[in-house]
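J.: My questions all concern the structure below.
The values are calculated or read from the model by the stated rules, or taken from the named source; none is laboratory data. Please read all numbers here as calculations on a predicted model, not as lab measurements. Virtual Cβ from ideal backbone geometry, glycine too; neighbours counted across all protein chains shown.
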């Protein structure tokens, strides 16, 4: 991650993997094995430079998965309060209550219109 304050994903070039976060409630309504990891509207509205920087980094990291064969890995973030899917409304709080770090999922990237989904393949427990 380039910056832990605004990064949505990080890349490890040594093992060709991208670790992305998604919200626990951002499950694809059409497929319960898919979670939204990026939407083309994210980071486009408002004046938050961190959000725009996070957007640009996420686009580049997802490009590595789609075009250069990097493995997508997903970590879940539990929100303090659930907010709208696929875009939080302007008056909704968007904050992390807890990151679920005892496991992650390997996933395949699926692109449908403006949505980028992680299709979960297998769970990997993290040794503490």
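J.: In the stretch 27-34, is there at least one residue being modelled with pLDDT of 95 or more and in contact with a helix residue (DSSP H, G or I) (Cβ under 7 Å, 6 or more places away or on another chain)?
T.: No - not one qualifying residue is present in the stretch 27-34.
J.: Name every residue in the stretch 84-113 that is in a loop (DSSP other than H, G, I, E, B), surrounded by 11 or more Cβ atoms within 10 Å (Cβ to Cβ) and touching a residue at least 12 places away in the same chain (Cβ under 8 Å), in order of residue number.
T.: First, pick out the residues of the stretch 84-113 that are in a loop (DSSP other than H, G, I, E, B): 84-95, 113.
Of the ones still in play, those that are also surrounded by 11 or more Cβ atoms within 10 Å (Cβ to Cβ) are 85-88, 92, 94.
Within the stretch 84-113, 85, 86, 87, 94 qualify.
J.: Suppose the filter is surrounded by 13 or more Cβ atoms within 10 Å (Cβ to Cβ), out of contact with any helix residue (DSSP H, G or I) (no Cβ under 9 Å at 6 or more places or on another chain) and under 24 Å from residue 14 (Cα atoms); does residue 61 pass it?
T.: Values: surrounded by 13 or more Cβ atoms within 10 Å (Cβ to Cβ): yes; out of contact with any helix residue (DSSP H, G or I) (no Cβ under 9 Å at 6 or more places or on another chain): yes; under 24 Å from residue 14 (Cα atoms): yes.
Yes; evaluated as a whole, the condition is true for this residue.
J.: What's the total number of residues in the stretch 24-45 that are assigned to a strand (DSSP E or B) and either within 12 Å of the chain's Cα centre (by Cα) or surrounded by fewer than 18 Cβ atoms within 10 Å (Cβ to Cβ) (or both)?
T.: Just the residues of the stretch 24-45 that are assigned to a strand (DSSP E or B), to begin with: 27-28, 31-39.
Retained after the next criterion (residues that are either within 12 Å of the chain's Cα centre (by Cα) or surrounded by fewer than 18 Cβ atoms within 10 Å (Cβ to Cβ) (or both)): 27, 31-39.
Of the residues in the stretch 24-45, 10 are assigned to a strand (DSSP E or B) and either within 12 Å of the chain's Cα centre (by Cα) or surrounded by fewer than 18 Cβ atoms within 10 Å (Cβ to Cβ) (or both).
J.: What tally of residues in the stretch 78-94 results from selecting those that are within 15 Å of the chain's Cα centre (by Cα) and closer than 20 Å to residue 40 by Cα? Write out each step before concluding.
T.: Narrowing the stretch 78-94 to residues within 15 Å of the chain's Cα centre (by Cα): 78-79, 85-88, 94.
Within this subset, residues satisfying the condition of being closer than 20 Å to residue 40 by Cα are 85-88, 94.
Of the residues in the stretch 78-94, 5 are within 15 Å of the chain's Cα centre (by Cα) and closer than 20 Å to residue 40 by Cα.
J.: If I filter the stretch 114-128 down to residues being in a strand (DSSP E or B) and over 13 Å from the mean Cα position of the chain (by Cα), which single residue comes out as surrounded by the most Cβ atoms within 10 Å (Cβ to Cβ)? Give the steps one after another, and end with the answer.
T.: Taking the stretch 114-128 as the starting set, the residues that turn out to be in a strand (DSSP E or B) are 115-125.
Add one more test, that the residue is over 13 Å from the mean Cα position of the chain (by Cα), and what stays is 121-125.
Details: 121: 13, 122: 8, 123: 10, 124: 9, 125: 8.
My answer is 121.
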